[in-house]
1. Of all residues in the stretch 193-218, how many are within 27 Å of Trp242 (Cα to Cα) and of a type outside the set (A, V, I, L, M, F, W, C)?
2. Quick check on this structure: which one of Lys77, Lys31, Lys39, Lys24 is of a type in the set (D, E, K, R), out of contact with any helix residue (DSSP H, G or I) (no Cβ under 9 Å at 6 or more places or on another chain) and either crowded, with 17+ Cβ neighbours inside 10 Å or under 15 Å from Tyr220 (Cβ atoms) (or both)?
3. Select from the stretch 265-296 the residues that are surrounded by 20 or more Cβ atoms within 10 Å (Cβ to Cβ) and over 18 Å from the mean Cα position of the chain (by Cα) and write down the one among them that is nearest to Ser253 (Cα to Cα).
4. What pairs come up if the first residue lies in the stretch 84-108 and is free of Cβ contacts under 8 Å to residues at least 60 places away in the same chain, the second is in a helix (DSSP H, G or I) and surrounded by fewer than 13 Cβ atoms within 10 Å (Cβ to Cβ), and their beta carbons are under 7 Å apart, counting only those six or more places apart or on different chains?
5. Is it the case that some residue within the stretch 171-194 is closer than 27 Å to Phe53 by Cα, assigned to a loop (DSSP other than H, G, I, E, B) and small (Gly, Ala, Ser)?
6. So, restricting to strands (runs of 3 or more DSSP E) that lie completely within the stretch 85-167, which ones have at least 1 residues that are loosely packed, with under 13 Cβ neighbours inside 10 Å and touching a Leu at 6+ places or on another chain (Cβ under 8 Å)?
7. Could you run through the stretch 195-225 and say how many residues are surrounded by 17 or more Cβ atoms within 10 Å (Cβ to Cβ), in a strand (DSSP E or B), touching a residue at least 24 places away in the same chain (Cβ under 8 Å) and not aliphatic (A, V, I, L, M)?
Amino acid sequence: MKTKTRFQLNGIHHVTGIAGSPQKNYDFYSKTLGLRLVKKTVNQDDVGTYHLFYSDAVGTPGTDITFFAWNDNAKGKNGTRMITSVSLAIPEGSLSFWIDRLKAFDVEIINIKELFDENVIHLRDFHGQEIELVETKDALHRDFIYWNGSKIPEEFSIRGIHKLTISHIESEPTFNFLTNKLGFNLLKEKDNLIRFGLENGRSGQLLDLTIEKEKVRGYYGVGTIHHVAWRVEDEISHVEWWKYISSLDVSVSDVIDRFWFKSIYFREPGGVLFEIATDGPGFSIDESTDELGTRLVLPPWLEKYRAEIERNLFPINVQNKII
């Protein structure tokens, strides 16, 4: 029987990958995919590297795909015990537009398929991270603010993170944790794929678990996904979740202030790193909407190190203002 809690995860807050060259990362996600760089900052646990946040015009929770920028040579490998791909929601009827655009930019398309009645373009970004663009009827019902600086027409624009896919060699430990501890529902199964969803199981609330018994274990590096963050509405709910996770047989971090949101971190039984993050205060707490992503922004406790931090970062040529 599923454990009932007094609170609920509301969906995906963001997914964080590992990139190489920050300029090439920006060129792909902003220029090719049309996302807005809403926060140019540093990895607070490794201030010698960027943390770049791409989303809709204002950083609406659930639209963020973010990256730590590592050395190009620090290649990772997809495998079990990892998030192997992130899927981005696109409106129905936009598949042909995206196929043509990706081909025009010489993007590697792995395949085009149908999964659970949705059309999917499976591709790799410049650094090898696997991404899916998924045509979904839910896309137009999501919280989303169009960025007028995008090269993508609004009717074809990416509307946020649709789902993520994780890989394990067995299903039971993760299956039980998701459904009995975190409030996920089993939605669908097909061959070696199990789909889970939060609440109504709509776009932005989905997780696919693939069972790949013969696949080798992966490891972090450029071209892989580091973690997923799940949304909660406010700090009261966040503290309740920290208390709840702490009561389980799971090692969980303290509540960490990321300035734009609060976070806790823990690993599900299969080893994938989960974060729970608050929706606010959001990215406009220290920049106006027009200015988002146009300069290096640091949380207040890192400002005294700004000169040293800037010396260790490569500049990125960005064009992010709303026009």
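Readers should treat all values here as calculations from the given coordinates under stated rules, not as data from a laboratory. It should be emphasised that the depicted structure is a prediction, and the values quoted were computed from it without experimental measurement. FYI the Cβ positions are ideal-geometry reconstructions off the backbone, even for glycines, and counts take in every protein chain you see.
1. Within the stretch 193-218, residues that are within 27 Å of Trp242 (Cα to Cα) and of a type outside the set (A, V, I, L, M, F, W, C) number 10.
2. Criteria check complete, one pass: Lys77.
3. Gly270
4. From the stretch 84-108, no pairs qualify.
5. No - not one qualifying residue is present in the stretch 171-194.
6. Correct list: 108-115.
7. 3
Conditions (1) part of a strand (DSSP E or B); (2) in contact with a Ser or Thr (Cβ under 8 Å, 6 or more places away or on another chain); (3) hydrophobic (A, V, I, L, M, F, W, C), marked per residue:
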site	(1), (2), (3)
Val239	no, no, yes
Lys243	no, no, no
Asp249	no, no, no
Phe259	no, no, yes
Ile276	yes, yes, yes
Ser288	no, no, no
Gly293	no, no, no
Trp301	no, no, yes
